[in-house]
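*Asks:* Quick one: the structure is below, questions incoming.
What follows draws every value from the coordinates through simple rules; no lab data is involved. No experiment lies behind these values; they were computed from the predicted model shown. Don't worry about glycine lacking a Cβ; one is built from the backbone with ideal geometry, like all the others, and counts go over all protein chains shown.
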């Protein structure tokens, strides 16, 4: 039976929240270019709309040249790349989102350059990232091409 005490024990007293982002099976934590994931938002849905996950990458500009670290960023921002997000605490994480990158935006808010990556689940791909239009494709691979 699940109760607060069992959840508290399972999640290490709810201390040290943790989010893991994997793109094409590669963990962002393995990145050695000084880039960090600053924010992760996951919006799950069981209605008609697609589930969506957004994460923001900071530290992605070379301070000497002022240029984005495109070589290091590329594996984590390519449209159509498979994304898996796990959340939890230091004691363990659980999968909360699985989808594909549908949008990448280079932003500069408050003088801090970053990259915002939006992913949608398979339902979003079949809906062509809209709430009203549905693609004609019968298979996910065909929907990506369409």
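*Asks:* By per-residue mean of other Cβ atoms within 10 Å, what is the highest-first order of 65-75, 86-96?
*Replies:* 86-96, 65-75
*Asks:* Right, next: Mind grabbing the base-10 log of I(q)/I(0) for the stretch 1-81 at q = 0.12, 0.20, 0.21 Å⁻¹? Debye formula, identical points on the C-alpha positions, no solvent, two decimal places.
*Replies:* Normalising to I(0) and taking log10 leaves -0.54, -1.01, -1.05.
*Asks:* Let me ask another. Could you compute the FRET efficiency for residue 63 and residue 90, with r as their C-beta to C-beta distance and R0 at 35 Å, rounded to 0.05?
*Replies:* 0.70
*Asks:* Using alpha carbon centroids, what distance separates the stretch 1-42 and the stretch 81-123, in Å?
*Replies:* 12 Å
*Asks:* Could you give the length gained by full extension between residue 112 and residue 16, i.e. 0.36 nm per residue of separation minus their alpha carbon distance, to one decimal place?
*Replies:* My answer for the length gained is 32.0 nm.
*Asks:* Fewest Cβ neighbours within 10 Å first, please rank 36, 63, 22 accordingly. Spell out each step's value before the answer.
*Replies:* On the way: 36 15, 63 8, 22 18.
The fewest-first ordering by Cβ neighbours comes to 63, 36, 22.
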